[in-house]
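Everything on this sheet refers to the single structure shown next.
Only the coordinates and a few stated rules stand behind these numbers; no lab work does. Everything numeric here is computed off the predicted structure, so don't read it as measured data. Cβ sites come from the backbone with ideal geometry, for glycine too, and all protein chains shown count toward neighbours.
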């Protein structure tokens, strides 16, 4: 595709998204849908331009000692904690352990969450990306991501079939721990920033200096539309989109719609239990039975994929590709693990890790630890298999 | 100093006048969005949102409105009952409600839970101070009127609530007596026709069901939605009167309203009691109590049999 054609197509996609959002915002009920679409589009642009992918960022650091991606994640978490304060402080002026902020992703903390996060981490390593990155990669033309999403759908089905047993085993009793409820807003914020700061210090200490790969300084056009955005900018933008989305519609998450589609479809085929016990009482990206065609989360994801497509076009990074059979199989298998993990853990790296830590939920931190563990082990195993092969 | 005091007195008089003028134009039981907008800074008006969807109030409410949580503030969180006098009194004192406060309620879901709130206020003797925002949250949003996220902090009042007035509340035994034909009281079942006729046990998407389908013998079926307009506002008093008269409910005999859990029927209770002025009690036990009770008469037109599924 010629650069001019790519730019024209990019512009048309963005105009389409904007026109759709204006059309959606006609009535009171549509305003949340409209906002979700636009927020998803913003998120898609930032992910694509900043290459904000939990697994690639981790892999860059583990394998190349390149810290820039990990710093973007840490900045997103730290800035998110700070920006969330503006919303939380207004909604729950006096934080108490038993009064959780509305809709915040403060999930139940227990062994099931740890297992789900670990499985999710393993799945990202196997399939090559976390779920949110598969979505933005789809916009870049990586059609292999469809295999990962199909795998995730299968994983959700398995998750629904194991949910009732896991819920009655421990989840019913696992407390949703909200840090500001225990330590107050100041205490929880300081503690969160201290931990993130320490991780950043450790990461930067062992990082290699970035290679001087760019021979010339970028023009403003290149800096915005072509080159990868700096990690701090990307992190700040992710945090801002997260806090604004929480204020207006719901915390960020990318799996609720996928889960809803699978649950609704599975129900009609008799593959999903009629009742998923307690699922309505826990917090996170909960898969509700679909009641309307358009949902905020569905539009968020649609906006994400479309805008990432537009951003990739402008950057000259839209490269349609199909992986080979083994690549498809790995993506699918990793998708299954991620699907089970996201259903059981009530979200993914975005819904539980990002939105959870930003809101002061212990569940977010638990997900961070066990998901990283799973991903690091998965990456190591993958390297060994590739070397042996 | 005198200047400032003068302005204060002037503004207090002005707001009192607005209040009086507004009341004169609105119906006694209802206020419209215009009236509420004019009275948002009136110190003698307290607005409460009673919404059930989580995050709705926090993401933006009518400026100055406080939140009444249906699950904890208006009911007893332990046993199935309305809020205890002590608990409700504390909530109202914290919100600065006094004997001369005009209380305006509104909410999501067609004002169902706001109407439940109005009924609870009535039980505790504050009914004459309560108004419902006609059309509720839906109409306010549809008109694009301002919303605010700030939570008001009013000075506490020293309000003392009266003991419960059971003349607006029907209990199980009262309803059974009516079903057995012992009293000349009209029962109004406001659920959907399918629930009334016994084709289904509960509306779609609702978990709590009764092990029997149908309705209380003698009840007439007037689904709640019949008395509201497209935009969620109540129809005119004359229209509402005619709709019920058609079903033989004309105010000449006392009325009891019920639904599934007593909240949608509060909406009808509000219309019959507060707009038409009939003698009406709300049966908050409703079908989830009656339809599970052993040995009481039931009229199941469809004949649907409960099979435990």
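Express in whole angstrom the spacing between the alpha-carbon centres of the stretch A:316-349 and the stretch B:116-181.
52 Å
Using label points projected 7 Å from each Cα along Cα→Cβ, tell me how many nm separate residue B:300 and residue B:153, to one decimal.
Roughly 5.6 nm, to one decimal.
Along the Cα→Cβ direction, 7 angstrom out, place labels at residue A:329 and residue B:293. What is the inter-label distance in nm?
6.6 nm
Cut-off 10 angstrom, C-alpha nodes, Gaussian network model of chain A. Which of A:218, A:245, A:115 fluctuates the most?
Result for chain A, Cα springs under 10 Å: A:218 fluctuates most.
If you take the square roots of the eigenvalues of the alpha-carbon gyration tensor of the protein assembly as shown and sort them as a ≥ b ≥ c, do you get rounded (a/c under 1.5), prolate (a/b over b/c) or oblate?
Taking the square roots of the gyration eigenvalues as a ≥ b ≥ c, the protein assembly as shown is prolate.
At R0 = 22 Å, how high is the FRET efficiency between residue B:279 and residue B:128 if r is their beta carbon distance? Nearest 0.05 is fine.
It comes to 0.85.
For chain A, what is the largest minus smallest coordinate of the Cα atoms on each principal axis, given in angstrom and ordered from greatest to least?
57, 52, 49
For A:119, A:162, what ranking results if the residue with the fewest other Cβ atoms within 10 Å of its Cβ goes first? Mind dumping the intermediate values first?
Working: A:119 25, A:162 14.
Ordered from fewest to most neighbouring Cβ atoms within 10 Å, A:119, A:162 come out as A:162, A:119.
Can you give me the relative contact order of chain B as a percent, contacts being Cα pairs under 8 Å and 6 or more apart? List each step's numbers first, then the result.
Details: 558 pairs, mean separation 54.7, N = 309.
Contact order relative to length: 18 percent.
In whole percent, what relative contact order does the stretch A:1-120 give with Cα contacts below 8 Å and a gap of six or more residues?
Once normalised by length, the contact order is 10 percent.
Which of A:7, A:283 has the fewest other C-beta atoms within 10 Å, and how do the rest follow up to the most?
A:7, A:283
Taking only Cα atoms and a 10 Å spring cutoff, compute GNM fluctuations for chain A and point out the largest among A:216, A:105, A:134.
For chain A, modelled as a Gaussian network with Cα springs under 10 Å, the answer is A:216.
Over chain A, what relative contact order in percent results from Cα pairs under 8 Å that are six or more residues apart?
So the answer I get is 39 percent.
Give the angle, between 0 and 90 degrees and rounded to the nearest 10, that separates the Cα long axis of helix B:85-94 from the longest principal axis of the Cα atoms of chain B.
So the helix axis and the longest Cα principal axis differ by about 30 degrees.
With a ≥ b ≥ c the root eigenvalues of the C-alpha gyration tensor of the stretch B:167-290, is it rounded (a/c under 1.5), prolate (a/b larger than b/c) or oblate? Mind dumping the intermediate values first?
Working: a/c = 1.75, a/b = 1.17, b/c = 1.50.
Oblate, since a/c reaches 1.5 and b/c is not below a/b.
Would you mind giving the mean number of other chain beta-carbons within 10 Å of the Cβ of each residue in A:17-26, as a whole number?
0
Enter the angle in degrees (range 0 to 90, nearest 10) between the Cα long axis of helix B:2-25 and the first principal axis of the Cα atoms of chain B, meaning the one along which they spread out most.
That helix lies at roughly 30 degrees to the long axis.
I need the shape label for the stretch A:182-271. Rule: rounded when a/c is under 1.5, else prolate if a/b > b/c, else oblate, with a, b, c from the alpha carbon gyration tensor.
oblate
Using a Förster radius of 35 Å, what is the FRET efficiency between residue B:160 and residue B:71 based on their Cβ-Cβ separation? Nearest 0.05, please.
0.90
Starting from the Cα of residue B:182, step 7 Å toward the Cβ, then list every residue of the stretch B:147-175 with an amide N under 18 Å from that point.
Inside the label zone: B:167, B:169-175.
As an exercise, use a Förster radius of 41 Å and the Cβ-Cβ distance of residue B:229 and residue B:204 to find the FRET efficiency, rounded to the nearest 0.05.
Working from the Cβ atoms, E equals 0.95.
Which of A:90, A:312, A:239 ends up with the largest GNM mean-square fluctuation for chain A, with Cα atoms connected below 10 Å?
Comparing A:90, A:312, A:239 in the GNM, the peak value goes to A:90.
Given the DSSP H assignment, sum -39500 (n - 2.57) over each helix run of at least 4 residues in the protein assembly as shown and divide by its residue total; what's the result at 222 nm in deg cm²/dmol, nearest 500?
The helix contribution divided over the protein assembly as shown gives -16500 deg cm²/dmol.
Counting other beta carbons within 10 Å of each residue's own, what order do A:268, A:161, A:363, A:308 fall into, fewest first?
Sorted ascending by nearby Cβ count, the order is A:268, A:161, A:308, A:363.
Mind giving me the nanometre distance, one decimal, between the label points for residue A:281 and residue B:78, set 7 Å out from Cα along Cα→Cβ?
1.9 nm
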